[in-house]
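The structure appears below as C-alpha cells.
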C-alpha cells in the first residue's frame, strides 16, 4: 500500500510541475501558481513520510528474516559432525554465517518489493506517456525493454566473481580468528613476521578478486548510463519533431523529457538491485552449499534410552578418520551398568576416539555400540547426548552469566537445581565471592582456578543427570588438596552411574572395577582390575610395576 | 577531536592515490554539467523559436559524446577507487593485527576474540567508507559550487534560496549529533556480541555437542540477534529520519525556488531552457545538500568506529592503527616485513637472572610477588608448586607474555628492556601449557616461517617424540591438522608444539607442564632425549619426579612467592612443600 502510494506520488509530481510550467508560460495568475506550488509541497511531504515508514518496515522485515536465517544456519552447522568442524575454523564460520547472510539482508528487505515497485513505476510512466502521445510511449517502451534486458545479461557475469570474493574474505577472517587465539605461541615462536606475511598474502590475493567483481559493476553502470543518454537523445528528437508538427506544446516536450529522466530512476534502482543480487547470488549459493551438507552422524528413528545407569557393549567396533588407517579396530567388550572402567593407553592409542564414538561425535565404520541393549545409531542424537556425559580436560568458559555457563543455556534447569549442584561440587566458596550470584558475567577465562574450572565441568555434567559418564582425566595439573576435592567430586558424579575414566596416570584408576588397555587402536587387555593386578603376566601389573619403579628410582 | 586527525593520516598514507581518486571523482561528479548545458540549449529552442533539426541532431551527438567520456571516467574511477578503498581498510586491519601481536602474548586481547574480529571487520569497513565519503564530498561539493555559479548567472535571488535547506540540514545533524553517536555505539556493541557468540559457539563446538546443548546455545544466539535487530533498527531509523528531514528541506527549497521563479518567468520571460537547466542543476545541488547531511551523521559514526578499533590496543595512542607502513598489496614483497625485528643470532646465553618479578592479575588479584630467579648456561631448572602457586605466571612474566608490575631481568648481566621482544628464537623458545596450532599442515605449524635444514627438522621431530606418529600418518608432515589442530590427539598437539620449539634451535628452552597431555612413558622419553642434547638451558614447570631427578635446581613456589629453592636432596630435607609435592607422586 505504502509503496503504491509512493509510486503514485512520484507519477503525479511531474504532472504538477508540467502544469506549473504551462501555467507560467501561458502567463497564469500568481494565485494559481502558488496553488500549484503548495500542491507540490504537500506531495513532497507525504512522499517523505511514506518513504521513511516503508524503509523502516522493510528493514525490520530484513532483520527478522536474516536473524532467522543466521540462527538456522548456525544451528545447522553446529549439528554437522566433527569432520566438518575439522575443516572450517570458527573465523570462517563467522564470515559464512554473519557475513554471507548480511549480504542477503537487502535482498530480503527490499529486493522483491523494490523490484515490484520500480516495475510498477516504469509501467506507470509508460502509460502516462502513451496518454500524451503514443509515439513517445512506444519509443520509451522499447528503450526500457532494451535497458532491462541488457542489465539482466550482465548480471550473470558478476555472480561467480562475487562468490570468489566471499570465499577469500571467509578465508582471511578464518585465519585472523585462529591467530587471535594464538598470540602467546606466536610471540614465543618469534612468528609475528610470519603471521603478518601470511596476512599480507591473503590481502594480496583478495584485492584482485574484488577488483574483478567491481569492474563488472562499473561496466554495468556505464552501459546503463549510455542507454539513458540514448533515451534523452530520443526524447529530444521526438519532442522536437512532434512540436514542430504542432502536435504537442512546449510543456509536453518538457514532460516527455521529464518522464524519460523519471524512468531512469527506477531502471537505475533495478540496476542497483541487480548489483545487490549479484553479491546476494554469490552468498545465497554459499549459504545453500552449507545447508546442503549432511552430517555423517544422523538421527536414528529414535529409541529412548532407559533411565538410570547404562550398560555399554562394544561389538566389533572399527573406526577410521576419513581414509586414514583405523584409529580403532575390532573392539569388543562389555561394561555392566553402574560399573567403572579405567581406560589406559599411550596418546594416540584410540582412547579419545572411543569416547567420541560413545558420544556419537562419530559413528563406527564397522560394528556397533549398544547402550543398555539399544544400538546408539538407532537413537536420535539428543537421546544419546542427553544420557551420556563427558567431563573434558579443558573447560570452555562462555562470555555470559554463571547460570548460562553451568546450564549451557538450558532454560529448563531451575536455579534451585543449579545452586544445589554448586553446593554438591564444593563450589559454594567461589560462588559466594560473586557479586551478582548466578547473574554474574564471566569474562574471558572466568577468573577460575584450574581446580574450580574442573569442578565447573563436573557440575555441568551433573546437572544433566546422565546414565554414563566419561571422564577425560584432568587431575594431572592439580595439587594434592585439589586432587582430593576432585576425587570426592568424581565419586559423587559416578554414584549410581556407569563410568569410563580415560586415564593418563595409574593413580586415577585405583577405584575402577575394570581395566581396558588400548594400543595402536587395538584392545591390548581387558578385565577385572583385581584379577589383572594379581596376574603378574598382565600388562596392567607390568604398568603398575614400572610406574612404581619410576617412582622409587 | 581526534577523528579528523585519524582520517587525515589515512588520507596521507597514499596521498597520490587519494589525489588521483579525488580528481577522477570530482570529474565524474562534474560531468553532468555538460548534459545540463545541452538540455538548456535544447529547451531554449521552444521559447526563442531559434531551432533547426540540424541543431537538434548536433545536440544529440554532443550528448552521446559526453556520455562516452563519462563512461570512460567512471571505469577508471572505479579502478582507482577500489584500490584506494581496499588499501585504506587493509592498512587498518594490518596495523591492528601487528599492534595486537606486539602486546604481551598472554594478555594480547582485552575483548573476546569474536568481538575483536568483528571490530577488525566492520569498524575498519566503517573507516574505509568514511574516507570514500570525503572523496564524494569533494566531488559533489565542486559540482555544487560550479553549478551554483552558473545558477547565479541566471538569477541571483532564486539561487540564494538553495542555501536555506543546506542550513537546515546542518542544523538537523547537529541537533541529532549525540543521539547518532549513542545509537551507533550501541548497535555496534550489540553486533559485536552476536559475532562473539558465533565465535564462541564454534570454538566450543565439541563441548556443546557432547552436552547436547546445541538447541540452547542457538537460542542464546537468536536472543542476541534480536537485541542486535532492535539496536540496529533504532540506528537506521534515526538515519532515515534525518534523511527525510534533509529531503523535505531540499524539496521545500525547490518549491520555494519555483514559486519565486514564477514571477521572473512571467515578467522577464525566463526561457524554458534556463528553467530546465535550473531544475536539472538544482537536482544535483540538492543531492549534494542531502549527501552532506548524511556525511555529517557518518562522521559521528566514524568516531565510534575509530574508538572501537583503538580500544583493541589500550595504552597506545590511537594513531597506531593508522600508522603508515609498507604494504605490498599489488606485488609480492622482496624484503622481509618491516615491522618485525630479524631473528637474533643464538644469544650464547651464559646467565639469566630475574630480580623482584611481580605481577598481579587485575581480575582475580592473584599473581606473583618479588620472585628472584637465576639460571646458568646448560642448567636444568624446574619450577614446581601447587595449583595457583604462580608457576605459569612466573614463566609468562619472565618471557614478557604478561606485563610485569615490577622487577628486572638480566641476560648475561645486561638488563633486558622489552622482555616480549627479547625472548624470541633463537634466544629462547617455549611450549605453552595449552599449545596453539592452526589450520594447515603439520609442517607449516612446526615451522611457522623458519626455514631450517632438513636434518634440523628431523632432529626436532625426534626430540619431540613425534616420529612414530608421523610414521603412522600417510601424508607425514604434510598432514592437514584442521582448525586448532583438532584432528590431532592432545598428546600429538603438545608434541607438535615441542617440535616447533626444538626446530628453533634456541639457547633457552621453556616448557610449561607437559604432563597434562602426555602419558608418563612419552614424557620420560622426551626428558631422556632432552638430556642427550648438549648445551641447552631448560626452564621447566613440572611436578613429575622424572623432572625433579634431572633438575640442577628446583624452585618451589607457593602463593606466588618462592617458598624454597635448591637441589632435590636439599629441598626434600628442608622444604615441607617440596616433601608434600614429592609424596604426591609416590602414589604412582
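Each value in this text was obtained by applying a stated rule to the coordinates, not by laboratory testing. Predicted model, so just to flag it, every value in this text is computed and none were measured. Methodologically, a virtual Cβ is constructed for each residue, glycine included, from the backbone with ideal geometry; neighbour enumeration extends over all protein chains shown.
Some notes on this structure:
- Mean partner shielding of peptide B:67-79, defined as the number of other chain Cβ atoms within 10 Å of each residue Cβ, is 4.
- Within 10 Å of the Cβ of each residue in A:252-265, the mean number of Cβ atoms contributed by other protein chains is 2.
- Each listed q (0.16 Å⁻¹) maps to a log10 I(q)/I(0) for segment A:95-167 from the Debye sum over equal C-alpha point scatterers, namely -0.75.
- Within segment A:81-292, the ratio Rg/Rh, alpha carbon atoms throughout and Rh by Kirkwood, equals 1.20.
- According to the calculation over all Cα-Cα pairs in segment B:98-174, the P(r) per 10 Å bin from zero is 14, 25, 21, 15, 13, 9, 3 %.
- Kirkwood-Stokes translational diffusion coefficient of segment A:291-410, alpha-carbon pairs, 37 °C, 0.692 mPa s, µm²/s: 207 µm²/s
- Packing-based exposure ordering (other Cβ within 10 Å, fewest first) of B:515, A:534, A:244, B:199: A:534, A:244, B:515, B:199
- Acute angle (nearest 10 degrees) that the helix B:214-267 long axis makes with the longest principal axis of chain B, alpha-carbon atoms: 20 degrees
- With a Förster radius of 60 Å applied to the C-beta separation of residue A:394 and residue B:12, the computed FRET efficiency comes to 0.80.
- Cα-based radius of gyration for segment B:450-513, normalised by 2.2 N^0.38 Å, reads 1.10.
- Ranked list, fewest to most other Cβ atoms within 10 Å of each Cβ, for A:380, B:536, B:2: B:2, A:380, B:536
- Taking the number of Cβ atoms within 10 Å of each Cβ as an exposure proxy, the fewest-first ranking of B:201, B:480 is B:480, B:201.
- Segment B:3-322 - Rg and Dmax from Cα coordinates, angstrom: 25.3, 86
- Rg over Rh [alpha-carbon atoms, Kirkwood Rh] for chain A: 1.19
- Förster radius 41 Å - calculated FRET efficiency between residue B:146 and residue A:57 (Cβ-Cβ, nearest 0.05): 0.60
- Against the empirical 2.2 N^0.38 Å (N residues), chain B has a Cα radius of gyration ratio of 1.37.
- Looking at segment B:498-567, the pairs of alpha carbons with a distance over 18 Å make up 40% of the total.
- Order by protection proxy (mean Cβ within 10 Å, highest first), peptides A:311-322, A:515-526, A:293-304: A:515-526, A:311-322, A:293-304
- Whole-number percent relative contact order across chain A, with pairs defined as alpha carbons under 8 Å at least 6 apart: 14 percent
- Rounded to the nearest 500, the 222 nm mean residue ellipticity of chain A from helices alone is -21000 deg cm²/dmol, with -39,500 (n - 2.57) taken per DSSP H run of at least 4 residues.
- Hydrodynamic radius of segment B:351-586 by the Kirkwood approach over all distinct alpha-carbon pairs: 18.4 Å.
- Each stretch of four or more DSSP H residues adds -39500 (n - 2.57); spread over every residue of chain B, this sum gives -20000 deg cm²/dmol at 222 nm.
- Shielding of A:384-390 by partner chains, average beta-carbon count, 10 Å: 3
- Helix B:15-30 axis, angle to chain B major axis (alpha carbon atoms, nearest 10°): 30 degrees
- Viscosity 0.890 mPa s, temperature 25 °C, Stokes-Einstein D of the protein assembly as shown from Kirkwood C-alpha radius, µm²/s: 73 µm²/s
- Cα-based helix-to-principal-axis angle, A:450-463 vs chain A, degrees rounded to 10: 80 degrees
- Alpha carbon centroid spacing (whole Å) that separates segment B:343-384 from segment B:104-138: 36 Å
- The modelled label-to-label distance between residue B:559 and residue A:285, using points 7 Å beyond Cα along the C-beta direction, is 6.6 nm.
- A Förster radius of 35 Å combined with the Cβ-Cβ distance from residue B:34 to residue A:123 puts the calculated FRET efficiency at roughly 0.65.
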